[in-house]
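> Pasting in a structure now, in structure tokens, and then I'll have a few things to ask.
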Amino acid sequence: MVPSNTCSILFVIIALSSLSSITTSHAARGLLQLPSLPKIPSLPQPTMPQLPKIPNLPTALPPLPSTIASLPTLPTTNTPLPSLPTLPSVPKMTLPPLPANPLPNMPSLPNIPTISPPPSN
């Protein structure tokens with residue numbers, strides 16, 4: 001009983017999806033067959049106002065104060081750093097040997113004909 005319910009639910013989902021794609025393709029075809037829309041008139045380009053002139057700007061910036069001499073020095077320690085722990089070795093992975101007889105030839109896929117849409121008028 002369960003497999004038949006699963007199959008019927010799957011059938012309903014496939015049917016609904018195919019019906020929705022048919023409706024979508026009809027709507028797309030209807031949009032493609034609309035007459036050409038009227039042209040939108042171009043809008044005038046806005047003009048930007050001139051920026052006001054500021055007369056009393058300094059030409060060069062004053063030098064920045066020197067703060068390098070006032071920085072404290074870092075303490076130096078001569079203690080050696082601890083050594084890194086040793087990592088365990090990982091076993092090497094090897095592939096099994098290939099079979100002595102060659103593999104059989106796989107059948108090629110059949111050619112599927114393509115369907116072209118009808119020419120539009």
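The values are calculated or read from the model by the stated rules, or taken from the named source; none is laboratory data. Everything numeric in this text was worked out from a predicted model, so none of it was measured. Methodologically, a virtual Cβ is constructed for each residue, glycine included, from the backbone with ideal geometry; neighbour enumeration extends over all protein chains shown. Note: accessible area is taken over every heavy atom of the protein model, side chains too, but ligands, DNA and RNA are not part of it. Shrake-Rupley method; radii C 1.70, N 1.55, O 1.52, S 1.80 Å.
> In the stretch 71-121, what count of residues is obtained for those that are among the small types (Gly, Ala, Ser) and open to solvent by less than 100 Å² (accessible area, probe 1.4 Å)?
Total satisfying the criteria: 1.
> Further, regarding this structure: Can you report the number of residues in the stretch 1-22 which are modelled with pLDDT under 75 and either closer than 17 Å to residue 117 by Cβ or surrounded by 10 or more Cβ atoms within 10 Å (Cβ to Cβ) (or both)?
4
> State whether the residues of the stretch 25-34 include one that is free of Cβ contacts under 8 Å to residues at least 40 places away in the same chain, of a type in the set (Ser, Thr, Tyr) and open to solvent by 100 Å² or more (accessible area, probe 1.4 Å).
no
> In the list 75, 107, 91, which residue meets the criterion of being assigned to a loop (DSSP other than H, G, I, E, B) and at pLDDT 85 or above?
91
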